[in-house]
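Student: The structure under discussion is supplied below as structure tokens; questions concerning it will follow.
Just so you know, all these numbers are worked out from the coordinates, no wet-lab data involved. Note that the structure is predicted; figures quoted are calculated from it, not measured. Every residue, glycine as well, gets a Cβ built from its backbone with ideal geometry; the counts of neighbours run over all protein chains shown.
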Amino acid sequence: LACDEALLDAAESGEGSEVLRFWEPTCPFVVLGHSNRLATEVNAPACERLGIPVLRRGSGGGTVLQAPGCLNYALILRCDGAPDLATVTQANAFIMGRHRGAMAALTGEQVEVAGVTDLAIAGRKFSGNAQRRKRRFLLFHGTFLVNLDLALVEQVLPLPSRQPDYRGQRPHRDFLRNLNAGADQVKEALRASWAAPGSSASLPREQFEHLVATKYSRAEWTRKF
């Protein structure tokens with residue numbers, strides 16, 4: 001979470017550039033959206049009983065479970081002077097349209113952009129995404145479910161207080177699904193879609209460590225709402 005913000009800050013300051021980054025969790029943890037209320041969006045007693053930490057990210061969107069079987073990505077894109085990225089709405093449409101096409105080509109299934117920034121097949125969500133903008137660059141990041149234990153989602157997350165219309169109050173087990181593709185396949189499809197190099201970008205480590213120490217590891221940030 002801190003790395004995504006550090007990469008955005010580095011690009012905005014002129015010390016970084018456009019990036020496509022992937023990461024996968026090795027253990028479960030819950031992530032609140034920037035303005036989500038912990039008391040209503042998380043089953044805190046279940047998380048405590050199962051030893052699952054709760055964190056908060058800097059972008060909007062809903063609360064999610066991160067765990068093995070989730071593939072996460074972060075896009076840092078220059079938005080000043082880019083008509084397709086000029087506003088939140090335009091960037092959502094442009095990026096989600098590109099990802100929809102990439103996943104449809106990969107799976108051979110009819111993929112749809114649902115809600116605002118979800119990807120779904122037959123009305124079941126397999127990818128959620130969020131955006132954060134600065135003056136010159138934006139961060140667009142999200143998750144692809146490839147082999148997530150959906151039963152664990154049921155245990156730690158209540159139904160969200162805000163839901164897209166297409167969800168129809170369905171429980172997590174009936175609303176979510178895993179993609180019929182592996183993490184490596186999804187990575188290659190996204191790299192091809194963005195013409196991104198396969199080499200690793202350098203991490204702005206000093207800023208990353210500063211954000212971990214002063215923000216993302218602190219209870220006052222996680223429990224701010």
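Student: What net charge do the residues around V111 carry, taking every other residue with its C-beta under 12 Å from that of V111, with Lys and Arg at +1 and Asp and Glu at -1?
Tutor: Within the 12 Å Cβ shell, the charges total +2.
Student: If you keep only loop residues by DSSP, which trypsin sites (Lys or Arg not before Pro) in region 160-215 have at most 15 other Cβ atoms within 10 Å of their Cβ? Mind showing how you got there, number by number?
Tutor: Working: sites: R162, R167, R173, R177, K187, R191, R205, K215; in loops: R162, R177.
Answer in residue order: R162.
Student: For region 17-79, what's the relative contact order in percent, using C-alpha pairs closer than 8 Å and at least 6 residues apart?
Tutor: Details: 103 pairs, mean separation 35.8, N = 63.
Value for region 17-79: 57 percent.
Student: Same structure again: What are the DSSP H helices in the chain that stretch 24 Å or more along their long axis, judged by alpha-carbon atoms, and whose average Kyte-Doolittle hydropathy comes to at least 1.0?
Tutor: none
Student: Give, as a single signed number, the net charge of other residues whose beta carbon lies under 9 Å from the beta carbon of D9, with Lys and Arg counted +1 and Asp and Glu -1. Don't jump to the answer; show the numbers that get you there.
Tutor: Values: positive: K134; negative: E5, E12, E15.
Result for the neighbourhood of D9: -2.
Student: Helix-only mean residue ellipticity at 222 nm, the chain, DSSP H runs n ≥ 4 weighted -39,500 (n - 2.57), per residue, nearest 500. What is it? All intermediate terms of the calculation are to be shown ahead of the outcome.
Tutor: On the way: 9 runs with 77 residues, N = 225.
Computed ellipticity for the chain at 222 nm equals -9500 deg cm²/dmol.
Student: Would you work out the relative contact order for region 90-225, in percent, from Cα pairs under 8 angstrom that are 6 or more residues apart? Let's see the in-between values first.
Tutor: On the way: 133 pairs, mean separation 27.7, N = 136.
Taking the mean separation of contacting Cα pairs over the length of region 90-225, I get 20 percent.
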